[in-house]
Amino acid sequence: MPSHANQAGRPGHPGRPGHPDPSVTVLGLGPMGRALAGAFLAAGVRTTVWNRTPGRDGELVARGAVSAPSAAEAVAASGLTVVCVVDYDAADAILRRAEVATALKGRTVVNLSADVPDRARESAEWAAGHGVRYLDGAIMTPTPTIGTPAAVFLHSGPAALYEEHRPVLDALGGTHTHLGEEVGRAAAYDIALLDIFWTAMAGYAHALAVARAEGIGARELAPFARGIGAILPGQFEETAREADAGTFSGEGNPLTSAVSTMEHVVRVSEAHGIDAGVMRAAEGMARRTVGLGHGTDGFVRIAEVLGRTGARGR
C-alpha cells in the first residue's frame, strides 16, 4: 500500500478528511465480497467483516479479519465501509436499518453492489440526508482478478472523497478510475459494458448451438471465434469516433450488406429448429434503420436510431 495510507485517525473512528483511518469494513461475503476482504487483508489493511448469513467469514478470520456480530458494530469499526451484495435492495436492507444508519454518520460508504444508475443516485441522496459520505462504484472484472493488476474498478461521486480513500481502495489492486462527481456514472458505465458482454456471450452460445447442429465442435470453432473477438477492439475505437461525430461511414460494409448476412444466420438457425430470436432482433433493428434511409451507413448508425426512439418514448 502507498505509505500515505498510514496517516490515520484513531481505530474505529471516521478519521479526518485527507487522513483516512487505514481500516475497512466489508459488508457482504459472497464470492466477490470475500475476494475484496481477502485483498484488503493481503495488503495489511485492518479489516472487519459482516455477512447476513453467518459462517462465511471463517477463512477471513483465520487470516486476521475481525468478525463483527452485527452490521452496526461492523460499520462502527472503520471509517470506510465497502458494500458488495447482490443489488441495492440488499444493500438498503442493511444500510438503512436505524442502528446501522446511526453508526455510519460521518463515515464513508463505497457501494460496489451492482444496480442501475437511478438507484445509485437514490442511495447517494439517502446517504446525504443521514450524514453519510457516499461513493458509488462498479467492479468490471471477475473474482479471481481482485487483488491483482488485472482488476478494474470504476468509481463516481465526490472527487475529494474518492481521493481521501484512494490509498485504501488501491489495496484491491488493478486500475481504479474516477468517472466524475455525478454519482450515477459508474453504474451507467457498468450497464453499458454489461450490455456488450452479455449480448456477446449470448451470441457465442447461439453460435455454438448452430455450429454443433452443423457438425462443428465447440473446440473446433473456438480458435476462429477468438479471431472474431480480435477484430472488435479496432471496431470499437473506429465506430466510437464515428458515433460521437455523427458520421457513420458504411464504406466497405454498409448496413444493407449486414442485413443480408444476419438473414443467413436466421435461416440456418431456424432450419435446425434453433431459436433465432436474438439475431432476429438485431436484424429487425438493422432493417428499421435501413428503412429510415440509412442503408449505405455503417452498422453503428443503429445506435443513433435507437437513441431517437428512446427520446420519443420518454
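Placing a label point 7 Å from the Cα of E122 along the Cα-to-Cβ direction, the residues of the range 145-188 whose backbone N falls under 18 Å from that point are 183-188. Spin-label model, I228 to E263: label points 7 Å out along the Cα-to-beta-carbon direction sit 2.0 nm apart. Each residue of the range 121-135 was assigned a 3J(HN,Hα) from its phi angle through the Karplus expression (A = 6.51, B = -1.76, C = 1.60, θ = phi - 60°), giving 5, 5, 5, 5, 5, 4, 4, 4, x, 10, x, 9, 7, 9, 10 Hz with x at Gly and Pro.
Under the shape rule built on the C-alpha gyration tensor, where the axes satisfy a ≥ b ≥ c, the range 196-268 is prolate, since a/c reaches at least 1.5 and a/b is greater than b/c. Quick one: net charge around A76, please, counting Lys, Arg +1 and Asp, Glu -1 for every other residue with C-beta under 11 Å from its C-beta. Neighbour charge sum, excluding A76 itself: 0. By the count of neighbouring beta-carbon atoms within 10 Å, fewest first, V266, V83, V61, V24 end up ordered V61, V266, V83, V24. From the square roots a ≥ b ≥ c of the eigenvalues of the alpha-carbon gyration tensor of the range 105-174, which class results: rounded (a/c under 1.5), prolate (a/b over b/c), or oblate? Oblate.
Give me the angle, in degrees from 0 to 90, between the Cα long axis of helix 159-169 and the longest principal axis of the Cα atoms of the chain, rounded to the nearest 10. Rounded to the nearest ten degrees, it is 80. Against the main long axis of the alpha-carbon atoms of the chain, helix 255-271 sits at an angle near 90°. The C-alpha atoms of the chain define a longest principal axis, and helix 218-245 lies at about 80 degrees to it.
Label positions at V278 and R212, each projected 7 Å from the Cα along the C-beta direction, are separated by 1.4 nm.
The charge dipole of the chain, taken about the Cα centre with unit charges on the Cβ atoms of Lys, Arg (+1) and Asp, Glu (-1), comes to about 600 debye, rounded to the nearest 20. When the chain is described by a simple charge dipole with +1 on each Lys and Arg Cβ and -1 on each Asp and Glu Cβ, the residue from V83, I196, V265 located farthest towards its positive end is V83. Altogether, the Stokes-Einstein calculation at 25 °C and 0.890 mPa s, with the Kirkwood radius of the range 125-217 over Cα pairs as Rh, returns a diffusion coefficient of 159 µm²/s. For the range 198-291, GluC sites (Glu not before Pro) meeting the loop criterion (DSSP other than H, G, I, E, B) and having at most 14 other Cβ atoms within 10 Å: E214, E251.
Using a cutoff of 8 angstrom between alpha carbon atoms and counting only pairs six or more residues apart, the relative contact order for the range 41-190 works out to 18 percent.
Is the shape of the range 217-313 rounded, prolate or oblate, going by the alpha carbon gyration tensor and its root eigenvalues a ≥ b ≥ c, with a/c under 1.5 for rounded and a/b larger than b/c for prolate? Since a/c reaches 1.5 but b/c is at least a/b, the shape of the range 217-313 is classed as oblate.
Using 0.36 nm per residue and subtracting the Cα-Cα separation, the extra length available between I196 and H176 on full extension is 5.1 nm.
Exposure proxy shown here: for D87, D170, the number of other Cβ atoms within 10 Å sets the order, fewest to most, as D87, D170. Here the residues T81, T296, ranked from fewest to most Cβ neighbours within 10 Å of their Cβ, fall in the order T296, T81. Of all the Cα-Cα pairs you can form in the chain, what percent are over 38 Å apart? Summing the P(r) tail past 38 Å for the chain gives 31 percent.
A short reminder: the numbers here are calculations on the coordinates, not readings from a lab. The model shown is predicted, which means the values in this text are computed figures rather than measured ones. Don't worry about glycine lacking a Cβ; one is built from the backbone with ideal geometry, like all the others, and counts go over all protein chains shown.
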